[in-house]
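Nothing in this text is a laboratory measurement; each read-out follows from the coordinates by a stated rule. For clarity, every value in this text was computed on a predicted model and none was experimentally measured. We place every Cβ from the backbone using ideal geometry, glycine too, and count neighbours over all the protein chains shown.
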Amino acid sequence: MNFETALDIVYQAMDVVNGQRPADQRASKTPDIILTGENGVLDSLGLVTLVLAVEQRVNAATGVEIDLTGHEAFAEDATSAQSPSSIAALIVKQVS
């Protein structure tokens, strides 16, 4: 899977999260928006929803089960799920 396809999957998952939030609290679909941590736009429920939606969409698209919350996924860098682009990079790494 290439980076652009992975980023599109993250954006699709963000649509799921945004559909559960009031209009004024929706996350913009930009590659470098901060999703988690200090200044992040998602609370813990939003992050869980995003991760599950991404994992399900990757599996549906590729048949590969990924784990974005597994120890290896976050071991290299604490910011690995801070933005859509960093999540897309994790997807590419796990699917390839």
Inset, instruction - Just grab the label-to-label distance for residue 45 and residue 23, each label 7 Å out from Cα along the Cβ direction, in nm (one decimal). - result: 2.1
Legend entry - Two-decimal ratio, the chain, of alpha-carbon radius of gyration to 2.2 N^0.38 Å: 0.98
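Sort 49-60, 84-95, 14-25 by packing, meaning the average of other beta carbons within 10 Å per residue, with the highest value first. Please list the in-between numbers first.
Details: 49-60: 18.2, 84-95: 20.3, 14-25: 13.4.
Descending mean neighbour count gives 84-95, 49-60, 14-25.
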Inset, instruction - For region 1-55, state the semi-axes of the equivalent ellipsoid (square roots of 5 times the eigenvalues of the alpha-carbon gyration tensor), sorted largest first and rounded to whole angstrom. - result: 18, 12, 11
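Quick check: residue separation of residue 69 and residue 89 times 0.36 nm, minus the Cα distance between them. What number comes out in nm? Don't skip to the answer; put the middle values down first.
Values: separation 20, 0.36 × 20 = 7.20 nm, distance 1.40 nm.
Answer, rounded to one decimal: 5.8 nm.
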Inset, instruction - Before anything else, pin down the relative contact order of the chain: Cα pairs under 8 Å, at least 6 apart, normalised by residue count, whole percent. - result: 39
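Could you pull out every whole DSSP H run in the chain that spans at least 18 Å of Cα extent along its own axis and averages -0.5 or higher on the Kyte-Doolittle scale? Before the final figure, lay out the partial values.
Values: long enough: 3-19 (24 Å, 0.55); 44-62 (27 Å, 1.04).
Membrane-span-like by this rule: 3-19, 44-62.
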